[in-house]
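Values quoted throughout were computed directly from the atomic coordinates according to the rules given, and no laboratory measurement underlies them. Being a predicted model, the structure only gives us computed values, none of them experimental. No Cβ is skipped: glycine too gets one built from the backbone with ideal geometry, and neighbour counts run over all protein chains shown.
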Amino acid sequence: MRLRAIVLGLVTATPALADSALPPWTDAGDVPMPSDARSVVPTRDESAIYAEPGKLEARRGSALPGARFPLYATRRAAGCLGRWLNVGPFAWMCSDVAEYSNEDTFAPALGTRPWALGDVDFLRPARPGAAKLPPIEPVSATDDGLPYRYYFAGRDGAYGYANLQNAEDDAPDQDLEAGFAVAILEEQTARGERWGRTKKGRWVAMRELVPARPNLFHGELLDGPVDLAWVNTEKASVFTTEKFDKPTATRVRFEKLHIAEEKGNALRLADGGWMRSRDLARVRPVAPPPEAGPNERWIDVDLNQQVLTAYEGDKPVFATLVSSGKGAKSSEFATHTGTFRIWVKIFTTKMDNLDKDDVERHYAIEDVPWVQFFDKAIALHGAFWHHEFGHVHSHGCVNMAPLDARWLFAFTSPHLPAGWSAALPTRMEQGAIVRVR
């Protein structure tokens with residue numbers, strides 16, 4: 001109801017639109033819309049969405065193929081051979097890349113996982129202080145935080161075919177080197193074996209693929225004094241005193257601990273014993289950057305601790321382990337320090353180094369999930385191909401376990417409406433601040 005009220009106010013404030021009781025509203029004197037047009041379905045991958053009709057510089061985002069959007073109004077303007085279609089608040093799509101539907105049920109096409117189906121509000125962050133934070137824990141026994149099932153090409157590589165019926169008879173349409181990753185949306189049996197269809201529409205024999213096994217680690221919501229730390233070595237000793245004289249127990253990687261006291265390079269645990277600070281990654285609250293407004297949501301990345309903390313104003317509300325760039329400061333593979341704003345959020349995108357000839361090994365990962373670019377091509381995103389959170393590992397981006405990346409994607413602005421594949425900031429909803437230090 002609130003969405004419809006907003007759009008109603010937008011379109012009725014425009015004199016050029018006909019005075020009609022119900023949407024879709026059209027320009028006065030224009031050719032009537034199909035009588036059963038109730039919604040809009042994109043017909044191309046990444047169909048563009050704009051803030052205003054005819055203003056191609058005002059890009060708002062992109063639509064997922066197969067999503068269905070409500071249709072509120074139409075407008076004739078430059079940049080579109082057909083009509084501009086109003087599919088949400090400040091959201092217009094050209095009819096050249098969409099078709100009308102007689103259905104009015106909103107059907108987001110986010111993925112095949114149970115949490116993603118029909119959950120329109122999951123990726124929309126609440127106003128700071130207005131509602132509880134998004135959940136972190138898995139919502140089901142099979143929920144690993146990923147929007148799709150991911151696989152790696154096996155040691156001999158894999159081939160992808162556009163046509164399943166002619167697979168292996170025709171030349172392959174895609175050659176996947178060992179370790180390249182794809183998202184599988186469905187499986188079918190053909191020629192006596194199982195085949196998987198990637199999100200890019202290629203069929204790959206499942207025998208040539210190895211399933212990804214993402215890390216189920218996730219961070220913690222914070223409430224009250226911040227005393228949180230995680231073990232960041234495979235095994236770490238607990239001692240009776242801060243002198244590290246007598247080990248009495250062992251803590252393991254990713255184990256969550258609470259800190260009661262700090263003495264030099266020693267930390268006393270809330271449940272007893274002392275540990276070396278070098279064996280722990282600790283959450284250390286800091287003041288907001290000057291660029292952050294009162295109660296604004298922002299992100300702090302502590303490169304020394306390899307810890308990310310999310311804030312509302314000066315209040316830390318969430319923390320987790322990350323993997324930042326493994327390169328030396330200012331190098332190609334470094335995560336640069338500074339204060340930035342998210343300039344685009346993308347549901348999934350491809351990441352690779354196939355354009356580089358001077359590398360020891362090429363990689364290509366289709367549909368990397370929960371991507372938030374903040375420093376040119378450097379992004380916050382989920383990683384299902386390694387378990388090194390708490391240690392530098394990436395080519396410059398800030399990697400997170402999938403459950404954490406999904407949480408952060410929901411927390412920050414701009415929000416990604418259901419059915420959208422990408423969203424850019426607007427004057428009304430700036431990109432969240434990301435400070436790297």
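Yes or no: residue 359 among the β-branched types (Val, Ile, Thr) and more than 13 Å from the chain's Cα centre (by Cα)?
yes
In region 239-271, which residues are closer than 24 Å to residue 302 by Cβ, touching a Ser or Thr at 6+ places or on another chain (Cβ under 8 Å) and of a type in the set (A, V, I, L, M)?
Matches in region 239-271: 266, 267.
Can you confirm whether region 404-417 contains a residue that is buried (at least 22 other Cβ atoms within 10 Å of the Cβ) and more than 12 Å from the chain's Cα centre (by Cα)?
Within region 404-417, one or more residues are buried (at least 22 other Cβ atoms within 10 Å of the Cβ) and more than 12 Å from the chain's Cα centre (by Cα).
Does residue 229 count as hydrophobic (A, V, I, L, M, F, W, C), assigned to a strand (DSSP E or B) and either surrounded by 12 or more Cβ atoms within 10 Å (Cβ to Cβ) or in contact with a Gly (Cβ under 6 Å, 6 or more places away or on another chain) (or both)?
Yes: the conditions hold for residue 229.
Mind checking which pairs have a first residue in region 269-285 that is among the hydroxyl-bearing types (Ser, Thr, Tyr) and a second that is surrounded by fewer than 20 Cβ atoms within 10 Å (Cβ to Cβ), Cβ under 8 Å, 6 or more apart or different chains?
Listed pairs, sorted by first residue: 277/262; 277/265; 277/266.
The rows are residues; the columns are (1) under 21 Å from residue 278 (Cβ atoms); (2) assigned to a strand (DSSP E or B).
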residue: 185; (1), (2): no, yes
residue: 195; (1), (2): no, yes
residue: 244; (1), (2): yes, no
residue: 249; (1), (2): yes, yes
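Is there any pair with a first residue in region 362-388 that is at positive phi and a second that is of a type in the set (D, E, K, R) whose Cβ atoms are under 6 Å apart and which are 6 or more apart or on different chains, and what are they?
That search, which allows pairs on different chains as well, returns 367/199; 370/406.
Which members of region 203-226 meet the condition of being assigned to a loop (DSSP other than H, G, I, E, B) and either in contact with a Pro (Cβ under 7 Å, 6 or more places away or on another chain) or closer than 27 Å to residue 382 by Cβ (or both)?
212, 213, 214, 215, 216, 217, 218, 219, 222, 223, 226
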